[in-house]
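K.L.:
This is the structure, below, for whatever I ask next.
The values are calculated or read from the model by the stated rules, or taken from the named source; none is laboratory data. Please read these numbers as outputs of a predicted model, since none were measured by experiment. What goes into the accessible areas is simple: the full protein's heavy atoms, side chains included, and nothing from ligands, DNA or RNA. Shrake-Rupley method; radii C 1.70, N 1.55, O 1.52, S 1.80 Å.
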Amino acid sequence: MSVIRVVSPATGEEIAAYPEHTPEQIDDALGAAHTAQRSWRRIPFAERRDLMLVAATLLRSRRTDFALL
């Protein structure tokens, strides 16, 4: 599998590398996202808001861990 490398223009240092995906893999991912969105939009707004607030709280509580990734 081919890899896409991300290089800092300031330093020339490689800062990330990602696997390249086939058009079929991209289509599959987009189809899955579309399916998930159809389910998500059926959840009442207040419930979606509450879920997002919980997710934001969890992310904030682990922000140092994420910063180290």
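K.L.:
Mind listing the phi-derived Karplus ³J(HN,Hα) values for the stretch 13-29, rounded to whole Hz, using 6.51, -1.76 and 1.60 with θ = phi - 60°, and x for any glycine or proline?
P.N.:
7, 6, 10, 6, 8, 10, x, 7, 10, 7, x, 5, 5, 5, 4, 4, 5
K.L.:
Also, quick follow-up: Can you send over the carbon and sulfur percentage of the accessible area for the chain, probe radius 1.4 Å, protein chains only?
P.N.:
That share works out to 62 percent.
K.L.:
Taking a probe of 1.4 Å, how large is the accessible area per residue of the chain, in Å²?
P.N.:
90 Å²
K.L.:
Pairs of alpha-carbon atoms within less than 8 angstrom and 6+ residues apart define the contacts here; what relative contact order does the chain have, in percent?
P.N.:
Working: 28 pairs, mean separation 12.0, N = 69.
Averaging sequence separation for qualifying contacts and normalising by length gives 17 percent for the chain.
K.L.:
With no solvent and one equal point scatterer per Cα, compute the Debye intensity ratio I(q)/I(0) for the chain at 0.12, 0.19, 0.24 Å⁻¹ and report its log10, rounded to two decimals.
P.N.:
Values returned for q = 0.12, 0.19, 0.24 Å⁻¹ are -0.65, -0.99, -0.97.
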